[in-house]
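The values are calculated or read from the model by the stated rules, or taken from the named source; none is laboratory data. What you see is a predicted model; the values in this text were computed from it and never measured. The protein model used for the area step is the full one, side chains on, heavy atoms only, and it has no ligands, DNA or RNA in it. Shrake-Rupley method; radii C 1.70, N 1.55, O 1.52, S 1.80 Å.
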Amino acid sequence: MNDTIAAISTALGEGGIAVIRISGPDAVNVSGHILSRKVFDESGRMYLTNLLDSDGKIIDRVLAVHFMKPKSYTGEDIVEVHTHGGILIAKLCLELALRNGARLAEPGEFTRRAFINGRIDLSQAEGVLGIIKSRSIEALHASARTLTGELSERVRKIHDEILILQSGIEIQLDFPEGETFHDDVHSGIHDVISELEELSSRCSAGMILRDGIRVVIAGSPNAGKSSLMNAILGKKRAIVTEIAGTTRDIIDENIIINGIPVTLTDTAGLREAEDVIESEGVRLAVEAMNDSDICLYVIDSSKAITNQELEYVKELMNQVRRIIIVFSKSDLETVTHDIDVQCEKVHVSSKTGSGIDELKTKIFDSACEGSVLNEGLNVSVRQMEEIRGSLEALRECEACDDEDIIAGMLNSSRLSLMRVLGLDAGDELLDSMFSRFCVGK
């Protein structure tokens, strides 16, 4: 934290500008060695100045701005130099800063310093990463809600409510003959559980928006799986022929469905393999189904369903989290299929496009599982595990009558929420999290 760090904060390449960021106690002194302007009269004001090489020669006409501590992004003095957007000039500017007292920043070190200096908490820091990694407008909105402190505010509120419950119980334990502060502890715990369940649902929605889901297309050979994939994508991606078993490998393609990033996977037809290559394709198909969030099991509606297909469907109901049965080729003369399983079903024609929009809606609804996506909050897997851990501890409290155990579980629940905010984060956690950032962030 005593070092002054520097890095290129924009992507390397040709563009309008490149931004070189310098942060730390010696930031102004470092910039004074590489800029013709030595003093900045106002914080946050852009100044037109010259970038000088080690011999004092002008190598670029640049804009520079000084953000004074403690109200800068990192909480330290920051100087940003905005050069013209060429790879060479950006690298030269950075090298000059490094030669004059700065060191190269580590991945995410600017944001890490913002966290350490109290400018943001850990949930907001992870919101920054969510902004960078967003693949849809909806995911961007979820990350922005986290970055602006909505998640932190909710977590702190719930944390404080748990602390009040815990304090009241511990006072009763220490002074059993004194005033009873919480006559109905279980009612208070129940109310906090409801709040935390609602927060958990919003965080789950945020994770879906950020990480997306995997949807695997499976079924018998020549059932119309590859045609269905092409129809959902709106382009020809998978090879379609009349020859059964054309697809022998896993084919992945990405698409956004109502704001949710979806990895769509076409697989080999499920049947007794005729050769080693097809056998491996079937094995990969089964593996993909087991790893999927949603399986689209395709059945040719123009043919009678076989006993083997029925067996596959029944097995999938026990193995896959969610399944949608897709009756393909509905533009042909269809056969009535009576499949007695509790899951979503839809008839489609990849040739005419009939039913494709309905299928996308079913995929979206199945992925959401009741979550309201437009209220999603971006969280990491780590944060989600802590929120679930806090909720699990509260549920154990609700089912318990021993005040000693309740006090302990309330404390455990509260500590989980503290870790969401990073209030007791150690170096190992911080190293792991900020290593996922780019060097200039």
Reach of LYS362 by Cα under 19 Å, taken over lysines that are not fewer than 8 positions away in the same chain = LYS225, LYS329, LYS345
query = Over the heavy atoms of LYS314, what accessible area does a 1.4 Å probe trace out, to the nearest 10 Å²?
reply = 110
ask   = Amide H to amide H, which residues 5 or more places from ARG103 or on other chains are under 5 Å from it, using H placed in the peptide plane?
value = THR4, ILE5, ALA6
key: Compactness index (Cα Rg / 2.2 N^0.38 Å), the chain   = 1.29
request  = Mind ranking CYS438, CYS203 by accessible surface for me, highest first, 1.4 Å probe?
outcome  = CYS438, CYS203
request  = Name the most mobile residue of THR267, THR111, THR361, meaning the one with the largest mean-square fluctuation, in a Gaussian network model of the chain with Cα contacts below 10 Å.
outcome  = THR361
key: Three principal axis lengths of segment 7-165 [C-alpha, angstrom, descending]   = 66, 33, 26
request  = Calculate, in nm to one decimal, what THR263 and LEU98 gain on full extension: separation in residues at 0.36 nm each, minus their alpha carbon distance.
outcome  = 55.2 nm
inquiry  = Per residue of segment 346-353, what does 6.51 cos²θ - 1.76 cosθ + 1.60 with θ = phi - 60° give for ³J(HN,Hα)? Whole Hz please, x for Gly and Pro, Karplus curve as stated.
reply    = 8, 9, 9, 10, 5, 6, 9, x
remark   = Relative contact order of the chain (C-alpha contacts under 8 Å, at least 6 apart) in percent is 18
ask   = For segment 381-441 and segment 28-87, what is the separation of their C-alpha centers, rounded to whole Å?
value = 41
remark   = If the chain between VAL381 and SER302 were fully extended at 0.36 nm per residue, the gain over the current Cα-Cα distance would be 24.1 nm
